[in-house]
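Trainee: Before I ask anything, here is the structure I am working with.
The values are calculated or read from the model by the stated rules, or taken from the named source; none is laboratory data. Everything quoted here is computed from the prediction, not taken from an experiment. Here the Cβ positions follow ideal geometry from the backbone for every residue, glycine too, while neighbour counts run over all protein chains shown.
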Amino acid sequence: MQDLWGDFMAWFATTFALFKSPPLAAFFIMFISLSISTISNLAMKRFTDMRRLNRYQLEIKQFREMEQKAQKTQNEKLLKKVKRRKSYIERIQREQMSARCKPSLMFFIPFIIIFAILRGFYSTGGVDDIVAVLPFNIQKVLPFMVGLAGRPVAAGFGLSFYAFYFLVGLGLSSILQRIMGTQVMTT
């Protein structure tokens, strides 16, 4: 029987061998992260009513402020009003969470496959390869990072695929959400 996954991974490894080690590995992972975030944000924009989500967020914020004021002043009228609106606020919070999760569910399996491919590509014999190097020794300040996010190397601290993807993904996704208008405003 033919090993399709093994054959694909061998093809991927030879085709993209140039992007296996730093610094090109970092640029390749940044490109993948940017692509995934863009696709995810486009899906969010396409399948979600952002105006309604922002309106809900504003209502939730106003409710929280009213709730705090009612608890602080112990005003009976305000406490009753808060109690009456609580079920409505809980309903729109559920609706808001559901609306934001639907586009993510559509792409969950393809993203998992992409991560499995990249995990196999950026590891050798079950050991994570270094894809980017921080030019300082973070392990001296945060010793738990060794093994969790990478390992010390001669030039500083080498990050594994997961750690670097996580670091890049956090930065890029919030920037892309603002640019593409898919960030739910909290103020």
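Trainee: Being of a type in the set (S, T, N, Q) and modelled with pLDDT of 90 or more is the requirement here; does residue 68 meet it? Let's see the steps before the verdict.
Mentor: Values: of a type in the set (S, T, N, Q): yes; modelled with pLDDT of 90 or more: yes.
In short, yes.
Trainee: Could we say that residue 21 is of a type in the set (Gly, Ala, Ser), part of a loop (DSSP other than H, G, I, E, B) and closer than 30 Å to residue 174 by Cα here? Before you say what the answer is, go through the steps one by one.
Mentor: Details: of a type in the set (Gly, Ala, Ser): yes; part of a loop (DSSP other than H, G, I, E, B): yes; closer than 30 Å to residue 174 by Cα: yes.
Taking the combined requirement at face value, the residue satisfies it.
Trainee: On to the next question. Applying the selection to the stretch 145-182, what residues are within 30 Å of residue 52 (Cβ to Cβ) and either within 13 Å of the chain's Cα centre (by Cα) or touching a residue at least 60 places away in the same chain (Cβ under 8 Å) (or both)? Walk me through it before giving the result.
Mentor: Restricting attention to the stretch 145-182, the residues satisfying the condition of being within 30 Å of residue 52 (Cβ to Cβ) are 169-182.
Listed by number, the residues that qualify are 169, 170, 171, 172, 173, 174, 175, 176, 177, 180, 181, 182.
Trainee: Suppose we keep only residues that are surrounded by 12 or more Cβ atoms within 10 Å (Cβ to Cβ) and either modelled with pLDDT of 90 or more or charged (D, E, K, R) (or both) within the stretch 92-110. Which one would you say is farthest from residue 173 (Cα to Cα)?
Mentor: Step by step, filter the stretch 92-110, then rank; the result is 92.
Trainee: Considering only the stretch 1-53, how many residues are surrounded by fewer than 16 Cβ atoms within 10 Å (Cβ to Cβ) and within 25 Å of residue 100 (Cβ to Cβ)? Talk me through it step by step, then tell me what you get.
Mentor: Applying the first criterion (surrounded by fewer than 16 Cβ atoms within 10 Å (Cβ to Cβ)) to the stretch 1-53 yields 1-18, 20-21, 23-24, 27, 31, 35, 38-39, 42, 45-47, 49, 51-52.
Of the ones still in play, those that are also within 25 Å of residue 100 (Cβ to Cβ) are 35, 38-39, 42, 45-47, 49, 51-52.
Looking only at that region, the number is 10.
Trainee: Is there any pair linking a residue in the stretch 1-28 that is under 16 Å from residue 119 (Cα atoms) and touching a residue at least 12 places away in the same chain (Cβ under 8 Å) to one that is of a type in the set (Ser, Thr, Tyr) and surrounded by 10 or more Cβ atoms within 10 Å (Cβ to Cβ), with Cβ under 9 Å and at least six apart or on different chains, and which?
Mentor: From residues that are under 16 Å from residue 119 (Cα atoms) and touching a residue at least 12 places away in the same chain (Cβ under 8 Å), the pairs are 20/122; 25/122.
Trainee: Give the residue, chosen from 70, 99, that is farther than 30 Å from residue 38 by Cβ and touching a helix residue (DSSP H, G or I) at 6+ places or on another chain (Cβ under 7 Å).
Mentor: Result: 70 is the single residue among 70, 99 that is farther than 30 Å from residue 38 by Cβ and touching a helix residue (DSSP H, G or I) at 6+ places or on another chain (Cβ under 7 Å).
Trainee: Give the residues of the stretch 166-183 that are surrounded by fewer than 16 Cβ atoms within 10 Å (Cβ to Cβ) and either part of a strand (DSSP E or B) or at pLDDT below 90 (or both), sorted by residue number. Full working, then the answer.
Mentor: Step one: of the stretch 166-183, the residues surrounded by fewer than 16 Cβ atoms within 10 Å (Cβ to Cβ) are 166, 170-171, 174-175, 178-179, 181.
The answer is 170, 171, 174, 175, 178, 179, 181.
Trainee: From 89, 114, grab the single residue that is at pLDDT 90 or above and under 16 Å from the mean Cα position of the chain (by Cα).
Mentor: Numbers: 89 fails: under 16 Å from the mean Cα position of the chain (by Cα).
It is 114.
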